[in-house]
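The values are calculated or read from the model by the stated rules, or taken from the named source; none is laboratory data. Quantities reported herein were computed from a predicted structural model and do not represent experimental measurements. Because the Cβ atoms are built from the backbone with ideal geometry, glycine has one as well, and the counts that use them run over all protein chains shown. Side chains included, ligands, DNA and RNA excluded: accessible areas come from the protein's heavy atoms. Shrake-Rupley method; radii C 1.70, N 1.55, O 1.52, S 1.80 Å.
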Amino acid sequence: TGAPVVSGTMTPGEDLTANVSSIADADGPATPAFRYQWQTYNGTSWDNVGSDAATYTLQAADQGKQVKVVVSFNDAFGRANTL
């Protein structure tokens, strides 16, 4: 349950941060190891921007684009979960 919540300012040089504190999985673990993939929308599809951390520093090339983060983790049974 839950979803990542992104905060920050959509300005090149500023950071966006993914807060995952509301994410929980009934199958555990209580504190999963989260993986992050930040993406920008090019008008047709989503492109990975290379950051694999909870924080992404916006680049000049990101100006005017939609930005999202894909968060994934494995539960205690090894099942992959993506939000």
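Scanning segment 42-53 for residues that are under 17 Å from residue 18 (Cβ atoms), in contact with a strand residue (DSSP E or B) (Cβ under 7 Å, 6 or more places away or on another chain) and open to solvent by less than 70 Å² (accessible area, probe 1.4 Å) yields 49, 51, 53. On the stretch given as segment 21-77, residues that are of a type in the set (Ser, Thr, Tyr), over 17 Å from residue 10 (Cα atoms) and free of Cβ contacts under 8 Å to residues at least 24 places away in the same chain total 5. On the stretch given as segment 49-78, residues that are among the polar types (S, T, N, Q) and closer than 13 Å to residue 34 by Cβ total 3.
The listed residues are 22, 7, and the only one of them that is of a type in the set (Gly, Ala, Ser), out of contact with any helix residue (DSSP H, G or I) (no Cβ under 9 Å at 6 or more places or on another chain) and in a strand (DSSP E or B) turns out to be 7.
Only residues that are assigned to a loop (DSSP other than H, G, I, E, B), closer than 27 Å to residue 26 by Cβ and open to solvent by less than 60 Å² (accessible area, probe 1.4 Å) were counted in segment 54-83, giving 3. With the condition kept exactly as written, say whether any residue in segment 30-41 is surrounded by 12 or more Cβ atoms within 10 Å (Cβ to Cβ), in a loop (DSSP other than H, G, I, E, B) and of a type in the set (Phe, Trp, Tyr). Yes; the residues of segment 30-41 include at least one that is surrounded by 12 or more Cβ atoms within 10 Å (Cβ to Cβ), in a loop (DSSP other than H, G, I, E, B) and of a type in the set (Phe, Trp, Tyr).
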